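First up is the structure itself, then whatever we jot down about it.
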C-alpha cells in the first residue's frame with residue numbers, strides 16, 4: 001500500500017536516505033518547521049517523519065502545532081533522533097508522536113516503525129468511513 005509521507009529534516013542527506021528507503025511511497029519534503037506545517041496542511045500526508053532537533057522551533061515545536069490543529073492532529077508523526085534516546089522517546093510520546101525512529105537509519109528499522117505508525121492512521125480512516133456511513137444510513141452499522 002503506497003502512502004503519502006512527509007519527511008522533515010533540515011539536513012538534505014537525511015531526507016535522501018529516507019527517500020531511498022521509501023521509494024514506493026509518494027514523498028513530500030520539508031527542511032524547516034514552517035514548511036513542514038505548510039506541507040502537512042496542503043498535502044495531507046498519511047504519515048510524517050520528522051527530526052527532533054531543527055532550527056526555528058524544532059521538531060517538537062512543529063509536533064505541538066500539528067497535534068493542536070484539527071486538520072493535522074490525526075496524522076501519525078514519527079520523530080527521528082540520534083541523541084538522548086530516553087528523553088526523546090519520553091518527550092515525543094508526551095507530545096503525541098506515534099513512535100521514535102533512532103538514527104542511523106536502517107531499511108528494516110524504518111519499515112518496521114512505518115508499519116507500526118500506520119496502524120493509528122488506518123484505524124482513524126476506518127472510523128471516519130464508518131461514521132460517514134452511519135450518518136447516511138443510521139440503521140446499517142453501529143460503532
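The values are calculated or read from the model by the stated rules, or taken from the named source; none is laboratory data. What you see is a predicted model; the values in this text were computed from it and never measured. Backbone-built Cβ (ideal geometry, glycine too); neighbour counts: all protein chains shown.
Please go through the range 104-113 and give me each residue that is touching a helix residue (DSSP H, G or I) at 6+ places or on another chain (Cβ under 8 Å), modelled with pLDDT under 90 and surrounded by fewer than 16 Cβ atoms within 10 Å (Cβ to Cβ), ordered by number. Break it down stepwise before answering.
The first filter runs over the range 104-113 and keeps only residues touching a helix residue (DSSP H, G or I) at 6+ places or on another chain (Cβ under 8 Å), leaving 105, 107, 110-111.
Checking which are modelled with pLDDT under 90 leaves us with 105, 111.
The answer is 111, and nothing else.
Among (1) closer than 14 Å to residue 114 by Cβ; (2) in contact (Cβ under 8 Å) with a residue 40 or more places away in the chain; (3) part of a loop (DSSP other than H, G, I, E, B), there is one condition residue 24 misses while meeting the rest; what is its number?
For residue 24, the failing item is (2).
In this structure, is residue 54 surrounded by 21 or more Cβ atoms within 10 Å (Cβ to Cβ) and modelled with pLDDT under 90?
Details: surrounded by 21 or more Cβ atoms within 10 Å (Cβ to Cβ): yes; modelled with pLDDT under 90: yes.
Yes.
Among the residues of the range 27-46, write down those that are in a strand (DSSP E or B), surrounded by fewer than 23 Cβ atoms within 10 Å (Cβ to Cβ) and in contact (Cβ under 8 Å) with a residue 24 or more places away in the chain. Walk me through it before giving the result.
Of all residues in the range 27-46, those in a strand (DSSP E or B) come to 27-30.
Imposing the further condition that a residue be surrounded by fewer than 23 Cβ atoms within 10 Å (Cβ to Cβ) reduces the set to 27-29.
Listed by number, the list holds a single entry, 28.
Of all residues in the range 1-17, which are in contact (Cβ under 8 Å) with a residue 24 or more places away in the chain, within 15 Å of the chain's Cα centre (by Cα), farther than 17 Å from residue 67 by Cβ and crowded, with 19+ Cβ neighbours inside 10 Å?
Residues satisfying the conditions are 5, 7, 9.
Would you check if residue 79 is in a loop (DSSP other than H, G, I, E, B), surrounded by 15 or more Cβ atoms within 10 Å (Cβ to Cβ) and in contact with a helix residue (DSSP H, G or I) (Cβ under 7 Å, 6 or more places away or on another chain)?
Details: in a loop (DSSP other than H, G, I, E, B): no; surrounded by 15 or more Cβ atoms within 10 Å (Cβ to Cβ): yes; in contact with a helix residue (DSSP H, G or I) (Cβ under 7 Å, 6 or more places away or on another chain): yes.
In short, no.
May I ask you to verify whether residue 84 is over 20 Å from residue 17 (Cα atoms) and at pLDDT below 90?
Values: over 20 Å from residue 17 (Cα atoms): yes; at pLDDT below 90: yes.
When the stated conditions are applied, residue 84 passes them.
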